[in-house]
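**Q** Before I ask anything, here is the structure I am working with.
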Amino acid sequence: MEKSRAILSLEQQFGAELKDLDEKNLLWNPKSLESASEPWSMVDGKKVLMFCSNNYLGLTNHPEVKEAAIEAVRKYGAGSGSVRPIAGNMALHLKLEETIARFKRTEDAIYYNTGFTANSGAIPAIAGEGDLIISDELNHGSIIDGVRLTKAERAIFKHKNMDDLKRVLEETRSKTYRRIWIITDGVFSMDGDIAPLDKIYGLADQFGAHIYVDDAHGDGVLGSHGRGIVSHFNLDGKVDMEMGTFSKGFGTMGGLIATTKTIKKYLLNKSRTYLLTGSQPPAVIAASIKALEVLERDDSLVKKLWSNTKYFKGKAKELGFDTGESETPITPIMTYDESKARDLSLKLFEEGVYALPIVFPMVAKGKARIRTMIRADFSKEDLDFALEKFGKVGKELGIVK
Ligand code: PMP
């Protein structure tokens, strides 16, 4: 751009937007995690109870998972050296995909570097001109970006509202689409509620649609041994594409799609976020394989996660807190008021509990909350500590009596 055309410098343009965000209290200023993500973590120089991590099962710190990563570095090095289709398709990546398929009880599976790139790469591959995508209005941003990259027609249904999904399916019945995809989050990350996948399956079956479910927050949490939402609803073999992530319950990093051999082959030929990016280093892959092996062998961490969740939710309600629509370890503590959510978070941090406020635009205006994330490796004492602090600060701020 010619200098003379610029009325405002980049400093001024971006600076003005940042100032605006700051004035609206919408600027991110992330705190620094100075230890492993443990129940008691070092955050900005302070030891605090980690109440906002997605490390549901504490697998990031599991000795066998860590050892697998260290061993893989010794044996295979620190990086893969290439994209998967050229020279970065290590035997470890293939073993991980085999392990995912076995864990998810599907014919096959494909691994992406992140859950975000699974959604933003797979969705534009499976849908294009002549197709229709129907999305839940509260789907994750990575699904929204994936949908934006397609030439498919789009429709939205009201959050978890099966009458509305049926309305969309009926309204589009007269058109002949090549494929119709219903795409939904499995567990919704802001409220912790679960998509009615059994009912979605019923409608998909009735109208000849296909299902793509994003189970990022169901992996390691829902179903037998944490197999996810498909297992939770006993829909094994009935969901076309089950996407997930290793970055939360599984404790490492990466995206997955459990599916058929044909869809996998199609994706690995068509999906740019698979084809055009260097593959994950051996440490991440070996640790991910081990995390699934630990879960296959033993479901005690998943059980502990649920008993901790029930305990915390029950006691929080007894204290008078409103935990919203949550059905999972994601437990919002509703304040509705934006500034109360911020004050609650600040005071909790001072008291030794790290839990973040979720406010507009992440949730609708007037639906502010603190989002607490329960973990399997919290002890009863940890949960009681948090509850005591929530009670104390909640009273000070007039959120509970
Ligand atoms: N989908 C959902 C519902 C998520 O919550 C997230 C993580 N924020 C992702 C996808 C992206 O996963 P990843 O962290 O593996 O990129």
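**Q** From the list Asp236, Asp219, which one is charged (D, E, K, R), closer than 20 Å to Gly255 by Cα and crowded, with 22+ Cβ neighbours inside 10 Å? Reasoning before the result, please.
**A** Details: Asp236 fails: crowded, with 22+ Cβ neighbours inside 10 Å.
Every option except Asp219 fails the conditions.
**Q** Let me ask you something else. Which condition breaks for Leu295 when tested against (1) farther than 30 Å from Thr99 by Cβ; (2) touching a Gly at 6+ places or on another chain (Cβ under 7 Å)?
**A** It is condition (1) that Leu295 fails.
**Q** Another question, then. Quick one: would you say Val43 is touching a helix residue (DSSP H, G or I) at 6+ places or on another chain (Cβ under 9 Å), of a type outside the set (Gly, Ala, Ser) and over 30 Å from Glu107 (Cβ atoms)?
**A** yes
**Q** Related question: In the stretch 98-115, how many are within 15 Å of the ligand (Cβ to nearest atom) and either in a helix (DSSP H, G or I) or open to solvent by 10 Å² or more (accessible area, probe 1.4 Å) (or both)? If you could, list the steps in order and put the result at the bottom.
**A** Taking the stretch 98-115 as the starting set, the residues that turn out to be within 15 Å of the ligand (Cβ to nearest atom) are 100, 109-115.
Subset that is either in a helix (DSSP H, G or I) or open to solvent by 10 Å² or more (accessible area, probe 1.4 Å) (or both): 100, 113-115.
Looking only at that region, the number is 4.
**Q** Right, something else. State whether one or more residues within the stretch 63-77 are in the same structural domain as Ile110 (by TED's automatic domain parsing) and assigned to a loop (DSSP other than H, G, I, E, B).
**A** Yes: one or more hits.
**Q** Does at least one position in the stretch 261-270 carry a residue that is farther than 29 Å from Asn113 by Cα, open to solvent by 10 Å² or more (accessible area, probe 1.4 Å) and of a type in the set (Lys, Arg)?
**A** No; the residues of the stretch 261-270 include none that is farther than 29 Å from Asn113 by Cα, open to solvent by 10 Å² or more (accessible area, probe 1.4 Å) and of a type in the set (Lys, Arg).
**Q** Contact list please: Cβ distance under 7 Å, first residue in the stretch 345-363 and without any contact (Cβ under 8 Å) to a residue 60 or more places away in the chain, second residue assigned to a helix (DSSP H, G or I) and of a type in the set (S, T, N, Q), pairs at least six apart or on different chains.
**A** Partner pairs satisfying both residue conditions: Pro357/Ser345.
**Q** Right, something else. Going through Asn89, Asn54 one at a time, which residue ends up being touching a His at 6+ places or on another chain (Cβ under 9 Å) and closer than 30 Å to Tyr212 by Cβ?
**A** Answer to the selection: Asn54.
**Q** Now for a different question. Looking at the stretch 385-397 only, could you name the residues that are open to solvent by 40 Å² or more (accessible area, probe 1.4 Å) and in contact (Cβ under 8 Å) with a residue 24 or more places away in the chain?
**A** Filtering the stretch 385-397 down to residues open to solvent by 40 Å² or more (accessible area, probe 1.4 Å) leaves 385, 388, 392, 395-396.
Phe385, Lys392, Glu396 - these are the residues of the stretch 385-397 that are open to solvent by 40 Å² or more (accessible area, probe 1.4 Å) and in contact (Cβ under 8 Å) with a residue 24 or more places away in the chain.
**Q** Looking only at residues in the stretch 20-50 that are loosely packed, with under 11 Cβ neighbours inside 10 Å and modelled with pLDDT of 95 or more, which one is farthest from Pro357 (Cα to Cα)? First the steps, then the outcome.
**A** Filtering the stretch 20-50 down to residues loosely packed, with under 11 Cβ neighbours inside 10 Å leaves 23, 28-30, 32, 45.
Then keep just the ones that are modelled with pLDDT of 95 or more; that gives 32, 45.
Details: Ser32: 16, Gly45: 20 Å.
Filtering the stretch 20-50 for residues that are loosely packed, with under 11 Cβ neighbours inside 10 Å and modelled with pLDDT of 95 or more, the one farthest from Pro357 (Cα to Cα) comes out as Gly45.
**Q** Tally time: how many residues in the stretch 34-69 are more than 15 Å from Gly251 (Cβ to Cβ) and not polar (S, T, N, Q)?
**A** Residues in the stretch 34-69 being more than 15 Å from Gly251 (Cβ to Cβ) and not polar (S, T, N, Q): 12 in total.
**Q** Count, please, the residues in the stretch 240-250 that happen to be in a loop (DSSP other than H, G, I, E, B), more than 9 Å from the ligand (Cβ to nearest atom) and either among the aliphatic types (A, V, I, L, M) or open to solvent by less than 10 Å² (accessible area, probe 1.4 Å) (or both).
**A** 2
**Q** Could you identify the single residue in Tyr336, Tyr274 that is farther than 25 Å from Leu92 by Cβ and of a type outside the set (A, V, I, L, M, F, W, C)?
**A** Tyr336
The values are calculated or read from the model by the stated rules, or taken from the named source; none is laboratory data. Just so you know, these numbers come straight off a predicted model, no measurement behind them. So basically every Cβ, Gly included, is an ideal-geometry build from the backbone, and we count neighbours across all protein chains shown. The area values use the complete protein model at the heavy-atom level, side chains included, leaving out ligands, DNA and RNA. Shrake-Rupley method; radii C 1.70, N 1.55, O 1.52, S 1.80 Å.
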